[in-house]
1. Please pick out the residue among 173, 95 that is within 16 Å of the ligand (Cβ to nearest atom) and in a helix (DSSP H, G or I).
2. Does at least one position in the stretch 196-214 carry a residue that is closer than 20 Å to residue 178 by Cβ, hydrophobic (A, V, I, L, M, F, W, C), more than 10 Å from the ligand (Cβ to nearest atom) and modelled with pLDDT of 90 or more?
3. Give the residues of the stretch 72-89 that are within 15 Å of residue 14 (Cα to Cα) and either in a loop (DSSP other than H, G, I, E, B) or out of contact with any helix residue (DSSP H, G or I) (no Cβ under 9 Å at 6 or more places or on another chain) (or both), sorted by residue number.
4. Quick one: how many residues across the stretch 39-59 are assigned to a loop (DSSP other than H, G, I, E, B), over 25 Å from residue 252 (Cα atoms) and charged (D, E, K, R)?
5. Hey, among 226, 272, which residue is modelled with pLDDT under 95 and in contact with a Pro (Cβ under 6 Å, 6 or more places away or on another chain)?
6. Quickly run through the stretch 218-242 and pick out the residues that are within 16 Å of the ligand (Cβ to nearest atom) and of a type outside the set (A, V, I, L, M, F, W, C).
7. Please determine, by comparing only the residues of the stretch 125-141 that are within 14 Å of the ligand (Cβ to nearest atom) and closer than 19 Å to residue 84 by Cβ, which one is surrounded by the most Cβ atoms within 10 Å (Cβ to Cβ).
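The values are calculated or read from the model by the stated rules, or taken from the named source; none is laboratory data. Just so it is clear, the structure is predicted and the values come from calculations on it, not from any experiment. Neighbour counts run over all protein chains shown; Cβ positions are idealised from the backbone, glycine included.
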Amino acid sequence: MKPVIVAMPGNEPFADALAAEAGVERMPVTVRRFPDGESYVRAEPMMRGRRVSIACTLDRPDDKLVPLLLLAAAVREAGALSVGLVAPYLAYMRQDRSFQPGETVSARHVAAWISPRFDWLVTVDPHLHRIAELSQVYAIASRVVHAGHSVAAWLKAEVPKPLLIGPDEESAQWVGDVASRADAPFVVLRKTRRGDREVEVSVPDVERWRSRTPVLVDDIVSTARTMIAAVGHLRRAGMAPPVCVAVHAVFAQTAFENLREAGAGDIVSCNTITHPTNRISIVPAVAAAVRDLGF
Ligand code: R5P
């Protein structure tokens, strides 16, 4: 019997595309709220004896985690052979260290809630910084899909003579990867974060790249403060409005509008989180990863 993909609310287009790409069956589930705010979930009895994956991207995760964990339990109790999680954006990975007494490493706790309820996890470029590997926190089989190939293919097709720019040292890993795949040069800026919304970016040697199209690439754009600081610097240095590429378009509150107003050029993202900027599909890469896991 064909494996089955189900979608948490909001993940239907991604699940449809993944089902088509991976050649598996889409099945409905019920996920809704009771009037008192508690979650109600129901899995189809037809899942008995099938391998099932749940598509649920985990931006704004606090409202999603409870119904997701309940749905995983319901799918298993309906008789599924296995239950996998396709979470194109994996939440809480930036909370990877306790900076002050009394803080906790939330990434570990969220992983400890998810791991016992799923057999495997596929995600796209999780924020691996102080946690170097998913296996350090997730106790299940996992595959990390790198968006670099898809981003580089888009750049090659759409952007003439790109100069890739990483807004901070943490971005060096994926900017370097994208640049080499796109046969483009890259530079990395230096960032100092002074608070949740206060970011300073150092002056790079951009003069020698003036004939190129600047392309800022980052894994996550959340408040967009990092991108805005980088855009501001590039504009003051006399460069063209940079193309801004995010793997994960989190865009908290007015971040997207703020980035546009700061002088960004085209703003483009991968479809790990549904957003009007989604122009780079990572579905084929995710389908390859779920196949690799034997789904
Ligand atoms: C840094 O740790 C990440 O790679 C991103 O640069 C960061 O998450 C972006 O956050 P924000 O958009 O809030 O500046």
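1. 173
2. Within the stretch 196-214 (the criterion being closer than 20 Å to residue 178 by Cβ, hydrophobic (A, V, I, L, M, F, W, C), more than 10 Å from the ligand (Cβ to nearest atom) and modelled with pLDDT of 90 or more), the answer is no, since none of the residues qualifies.
3. 88, 89
4. Total satisfying the criteria: 3.
5. From the options 226, 272, the qualifying one is 226.
6. 218, 219, 222, 223, 225, 226, 232, 233, 242
7. Only one residue tops the list, namely 126.
This table checks each residue for (1) at pLDDT below 95; (2) at positive phi; (3) in a loop (DSSP other than H, G, I, E, B).
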site	(1), (2), (3)
112	no, no, no
115	no, no, no
122	no, no, no
128	yes, no, yes
135	no, no, no
138	no, no, yes
142	no, no, no
149	no, no, no
152	no, no, no
